[in-house]
Every structure is written in structure tokens, then in C-alpha cells.
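What follows is a short report on a single structure.
Nothing in this text is a laboratory measurement; each read-out follows from the coordinates by a stated rule. In this text, all values refer to a predicted model and were calculated from it rather than measured experimentally. We place every Cβ from the backbone using ideal geometry, glycine too, and count neighbours over all the protein chains shown.
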Ligand code: UGY
Ligand code: MN
């Protein structure tokens, strides 16, 4: 029997693992007929926000981005989306990026449609007009090998252009896949495991993780990962990019 006094979730100064067993729902104005779990936000010390939204039939998300841009990814199910004057039906594996100052609406979801969101305050860059709405999808044929290891593949979901100050990538580790070194870097991450099992090392501590788990890594949180189990492990992750690294 599992004891309810145990969890794999941890919240530390420079990293967190949030497993679904500890979720408590939040209410977000304009987001109705759904449960919202705020996984990462500035209360933790983060500079991004990550949520997981589970929609019931008839549920709806309606709003307007203000200072923050929002990236929405369909983890499960299907939903109709209007953003930037475009209407689309988005299914599992598809996404929409909504830049600042845009209205958005999600409606007519199938029961239990699950959305992942990443939010970041947009930092404009002189000479580069702010991004427009981007629709797209997970596509393994667009995931080149990472660092010469054919067990590792990364798909970049957003255009690699200076106007974007955030990246969202999908990282697949085939059997035996492992990061080629311990990463130590200024960029911050939020991530969600979409498939499989893995061991993650964060700040020299070791954690077993699996599909449904989220991770926050603060700047300079040391990180390494390898897949385990019987199928590739896959996660989608946020990274801040393309801006001057210091105010000094
Ligand atoms: O892009 C990255 O920094 C990525 N390789 N980090 C990670 O997956 N933890
Ligand atoms: Mn990294």
C-alpha cells in the first residue's frame, strides 16, 4: 500500500520536481470548466510560469496576453482555438504560441483535454518586431540528432529568431540516451515528461522521474539525465534565450 505521506515531489532553492500526486487546483479568471495546476511560478523563485490545465466538456479558456506571452501545447485530447484572427482545431502534439497583446480563446474541448502552458514576460529587442502567433506540432522528422549522439534528438518548436526570447523544445532520449555532459548554464528550464521514465540529476541530487512529472531548473542548476525503462523518454521544455545576459 502506498503511504499518502510519501511523494517523489521536491521543492528546493534551485530546482523542483512536481509529480501529479500533489496537485491542488487553482482558479484562473476567464479559464472555466477546467482544473488548473500551477506547477512553476515566481513564488518558487522562477522567472517563468508553467501550468497544466485539464478541460471538461464545455470548458473554455478566454483571455488576452498582456506583459507575458503564452505557449499552449496539447498533451491529450482536442480543442478549438482562436488566436491572432486564426481559427484551428488542435489535437494531441499540436501547439499555439500567443505573443503579447493578443486575444485567445479555447473552446469545445473533448473530455479531459490536457494543455501545458509556459508563460514568460516578453523582453522586446530594438530593431526586431515582436513575434506573431505561431501554430505547429511535434514532428520527429524535424528533430535532428543532438551533440552527435544518435540516441538523442531535439525538435525546436519555435522559430530560431532574435525576436523570440523563449524557446520550447521536445527532447527525445532513445534507449541508452544520456546527456553527454553535466550542463551548467544561465538559462532556466521548465519541463514536462510526455513519455517514459528517466533518472534526472539536479544540483548533484538524483531523482527517478516519469511521464506526467514536471521539473523546474533555476539558472545554474546543474543538470544531467538518462532514460530508463523500456521505451524512449520524451520531455517538452522551456528555455529563455536571445537576450543580453546581464544588467551589470
Ligand atoms: O537546451 C538545453 O539546455 C537542454 N539540453 N537541457 C536539458 O535538457 N536539461
Ligand atoms: Mn539545459
Next item on the list: Any chance you could check the Cα centroid distance between region 1-57 and region 88-146 for me, in angstrom?
Entry: 20
Next item on the list: Could you tell me whether region 91-248 comes out rounded, prolate or oblate from its Cα gyration tensor? Rule is a ≥ b ≥ c as square roots of the eigenvalues, rounded for a/c under 1.5, then prolate if a/b exceeds b/c, otherwise oblate.
Entry: oblate
Notebook entry, point to check: Tell me, 224, 216, 206 in order of fewest to most beta-carbon neighbours within 10 Å?
Noted result: 206, 224, 216
Next item on the list: Measure off 7 Å from each Cα along the Cα-to-Cβ vector at residue 6 and residue 125, then give the distance between these two points in nanometres to one decimal.
Entry: 4.7
Check: What is the spin-label model distance, in nm, from residue 13 to residue 174 if the labels are put 7 Å beyond Cα along the C-beta direction?
Finding: 4.1
Next item on the list: Please arrange 128, 189 by counting, for each residue, the other beta carbons lying within 10 Å of its beta carbon, fewest first.
Entry: 128, 189
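When 118, 244, 171, 135 are ordered from fewest to most other Cβ atoms inside 10 Å of their Cβ, what list results? Walk me through the numbers before you get to the answer.
Working: 118 27, 244 7, 171 20, 135 14.
Listing 118, 244, 171, 135 from fewest to most nearby Cβ atoms yields 244, 135, 171, 118.
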Check: Taking 0.36 nm per intervening residue step and subtracting the Cα-Cα distance, what contour gain separates residue 163 from residue 135 on full extension?
Finding: 8.4 nm
Notebook entry, point to check: When the chain is treated as a GNM, springs tying every alpha-carbon pair under 10 Å, which of 190, 22, 59 comes out with the largest mean-square fluctuation?
Noted result: 22
Check: Once a ≥ b ≥ c are taken as the square roots of the eigenvalues of the Cα gyration tensor of region 26-119, is the result rounded (a/c under 1.5), prolate (a/b larger than b/c) or oblate (a/b not larger than b/c)?
Finding: oblate
Note to self: Quick check: pseudo-label points 7 Å beyond the Cα along Cα→Cβ at residue 148 and residue 110, how many nm apart are they?
What the structure shows: 4.3
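Is the shape of region 78-168 rounded, prolate or oblate, going by the alpha carbon gyration tensor and its root eigenvalues a ≥ b ≥ c, with a/c under 1.5 for rounded and a/b larger than b/c for prolate? Present the calculation step by step, with values, prior to reporting the outcome.
Details: a/c = 2.39, a/b = 1.11, b/c = 2.14.
Taking the square roots of the gyration eigenvalues as a ≥ b ≥ c, region 78-168 is oblate.
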